Every structure is written in structure tokens, then in C-alpha cells.
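Taking it in order: structure first as C-alpha cells, then the write-up.
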Amino acid sequence: MKVLVLRSEDGNITKKELVEGEFDKVLRDIASNALKEWNENSSDFTIMRDMYEVKIPLPLKPNVYEIIKNYLKSRTKTEAVAEIPVYIISFDNRWMDSDYRDMKVYVVSPYIDENIEKELTDYAVQATSQKPLDLEEEEEEE
């Protein structure tokens, strides 16, 4: 199985790789690497699992079906809907006033295809961005 591993720092992807292997082993290896980078005096160390909904056009390629078969949620006439696990490993974060901010994270998920990779890349960038999108849009309007 291919596993997508993204490293996001301050709103930028600094590392992107596809790792071949069993998902749980790859996830634990990435978590172990992040643990070595963690500074326990200045940051929390968290691993959060999220389920990310993906829509994939039908017909499914056999290799894509094998990846998502355990995550399938529903389907329409034109697409399959699945919820895939996405793990966010946060090892450099801060409290800024009343807001919690991730500075550096790894995002780990099964690799489905290029379209899902793009969505997850955007997700990883947003996870470490300084401002939420809605605040940035309000400033541009002023």
C-alpha cells in the first residue's frame, strides 16, 4: 500500500513523499520520527485521527477499489464516497492568546490518487497557516 506523508511548517509543505508499506507501520514510523523532533519544554505532542470524505468518479480502477473498499460509505451513479483516515501528528505548537496554533505537523493518509493528494496537501497547509481563511479574506476586502 502507498501512504501519503506530508510535512507542513508555517503554512508550507516542506516534505511530500509516498511511502510503500503497511499503513499502521508507516504511521508509527512517522510518529516516532516526529517524537524525536519534539521539544517537550515548549510544545505538546499530539496525534489526532480524522475521517476525510473523498469522492471518486466511477468506475473505480481495481487498485483504487482495493485501497478504499474498507472505507466506502456510499455511492451514486457517478461517484463512490469514502471516508479515509487522516492522521495529524503535531509536534511543534503554541498557545497564542486564546488560540492554539500548530507550527509543524505531519499529515499521514492512505494514498488514493493525485486529486485526493492535492486536497490533503491543501488540508496540511491550512493546518499550519497563521490565520484562518475567513480572516485573510476579510483583510483583503478592506
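The values are calculated or read from the model by the stated rules, or taken from the named source; none is laboratory data. This one's a predicted model, so the numbers in the text were calculated from it and none came from an experiment. Here Cβ is always computed from backbone atoms with ideal geometry, including for glycine, and neighbour counts include all displayed protein chains. Just the protein is used for accessible areas: all its heavy atoms, side chains included, with ligands, DNA and RNA removed. Shrake-Rupley method; radii C 1.70, N 1.55, O 1.52, S 1.80 Å.
Identify all residues within region 26-54 that are over 16 Å from the mean Cα position of the chain (by Cα) and over 20 Å from residue 106 (Cβ atoms); write none if there are none.
Scanning region 26-54 gives a single hit, 41.
Of all residues in region 103-117, which are in contact (Cβ under 8 Å) with a residue 60 or more places away in the chain and among the charged types (D, E, K, R)?
Passing the criteria: 104, 117.
Test residue 69 against the criterion of being open to solvent by 60 Å² or more (accessible area, probe 1.4 Å), modelled with pLDDT under 95, among the basic types (Lys, Arg) and out of contact with any helix residue (DSSP H, G or I) (no Cβ under 8 Å at 6 or more places or on another chain), and give yes or no.
yes
For region 1-44, enumerate the residues that are under 18 Å from residue 114 (Cα atoms) and among the aliphatic types (A, V, I, L, M).
Passing the criteria: 1, 3, 4, 5, 6, 13, 18, 19.
Considering only residues of region 10-23 that are charged (D, E, K, R) and loosely packed, with under 14 Cβ neighbours inside 10 Å, which is nearest to residue 125 (Cα to Cα)?
Here the answer is 15.
Restricted to region 55-107, and to residues that are farther than 25 Å from residue 28 by Cα and small (Gly, Ala, Ser), which residue is nearest to the chain's Cα centre (by Cα)?
80
So in region 38-52, with the set limited to residues that are surrounded by 13 or more Cβ atoms within 10 Å (Cβ to Cβ) and charged (D, E, K, R), which one is farthest from residue 95 (Cα to Cα)?
50
Considering 108, 26, 81, 64, which residue is of a type in the set (A, V, I, L, M), in contact with a helix residue (DSSP H, G or I) (Cβ under 7 Å, 6 or more places away or on another chain) and open to solvent by less than 80 Å² (accessible area, probe 1.4 Å)?
108
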